[in-house]
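Worksheet for the structure shown next.
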Amino acid sequence: MGGATLTDKKTVVDQLQQMNDKFRFLSKAEVIDNSHIINIDKKTIFLKPDEYIDGIYILYSGKVKISMLQPNGKSLLLRFSNPPGVLGDIEALHPFKVRTYVETVYESTLLHVPKIVINAYLKEDIDFLHFIIEQLSYKLYSISVASGMNQNNTAKARLASYILSVSDERPYFSDKIEGKSNELETEYLIEIAELIGTSYRHLSRILREWQKDEIIRKEGRHISIINRQMLMELSEGNLYE
């Protein structure tokens, strides 16, 4: 992890506001002075259940995966978050503990606004409160979508959704088709199978079938998307986002 100068933070804030004008509250000098730029390596779990989170984290670059542990000990994928995604909004104004695992998919950079800053300068700020309401509404919606996907969609639909959600990250994969990135690296198919609620054997069968149908190509740990449109149809229009 690392810090950044005031100039760096001002640049990050300006660019975040270009992504979403609801970040107006970040322009306060006190917020810029007391926030931090954090760089996190890929495949790093930086939030865990039963921990307290100090403030909010705004994703500036990269991608993070949010999952939870089920009573049977298996992980369940909830969603992915892309820039300018926000973490800690649920806990921002209350001393709630974190209930999910948050892991970086790629190397990621986040702007951290500590709770001391929120309590001192933002908890009565109308722009900040509107922002929190919008974020909570989106989280509620995305969690309900993910719950429906995990309960009702087929394993093929969930796997297609997973591949599309992971692969659509421009800085890390080559752009080849329709302006979208079409390649991803997988380390543990067993972990993916667990996250989407299927068996490793069934997941492997689906990948072999899709490779035969020229929907994807798998070489070692790499999966390349050949037919993105077909994957979109298989996902039934749902993504883990």
### Query
Does the range 1-158 classify as rounded, prolate or oblate by the C-alpha gyration tensor (a ≥ b ≥ c root eigenvalues; a/c under 1.5 gives rounded; else a/b over b/c gives prolate, otherwise oblate)?
prolate
### Query
Going by the alpha-carbon gyration tensor, a ≥ b ≥ c the square roots of its eigenvalues, is the range 54-126 rounded (a/c under 1.5) or, if a/c is not under 1.5, prolate (a/b greater than b/c) versus oblate?
oblate
### Task
Within the range 81-142, list the chymotrypsin sites (Phe, Trp or Tyr not before Pro) lying in a DSSP loop whose Cβ has at most 16 other Cβ atoms in a 10 Å radius.
Phe96
### Task
If a/c stays under 1.5 just call it rounded; otherwise compare a/b with b/c (prolate if a/b is bigger, oblate if not). Do that for the range 83-163, with a ≥ b ≥ c from the square roots of the Cα gyration tensor eigenvalues.
prolate
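Quick one: accessible area per residue over the range 94-134, 1.4 Å probe, rounded to a whole number of Å²?
51
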### Query
What net charge is computed for the residues neighbouring Gln15, neighbours being all others with C-beta under 12 Å from the C-beta of Gln15, Lys and Arg scored +1, Asp and Glu -1?
0
### Query
Assuming R0 = 22 Å, what is the FRET efficiency of Glu236 and Arg201, from their Cβ-Cβ distance, to the nearest 0.05?
0.45
#### Entry: For the range 218-232 versus the range 77-130, the gap between their alpha-carbon centres in whole angstrom
32
### Query
Taking a point 7 angstrom from the Cα of Asp41 along the C-beta vector, which residues in the range 91-123 have backbone N less than 14 Å away?
104-108
### Query
Rounded to a whole number, what % of the accessible area of the range 95-138 do carbon and sulfur atoms account for, probe 1.4 Å?
58
### Query
Taking 0.36 nm per intervening residue step and subtracting the Cα-Cα distance, what contour gain separates Leu140 from Lys218 on full extension?
24.6 nm
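The values are calculated or read from the model by the stated rules, or taken from the named source; none is laboratory data. Computed from a prediction, not measured in an experiment: that's the story for all the values here. FYI the Cβ positions are ideal-geometry reconstructions off the backbone, even for glycines, and counts take in every protein chain you see. The protein model used for the area step is the full one, side chains on, heavy atoms only, and it has no ligands, DNA or RNA in it. Shrake-Rupley method; radii C 1.70, N 1.55, O 1.52, S 1.80 Å.
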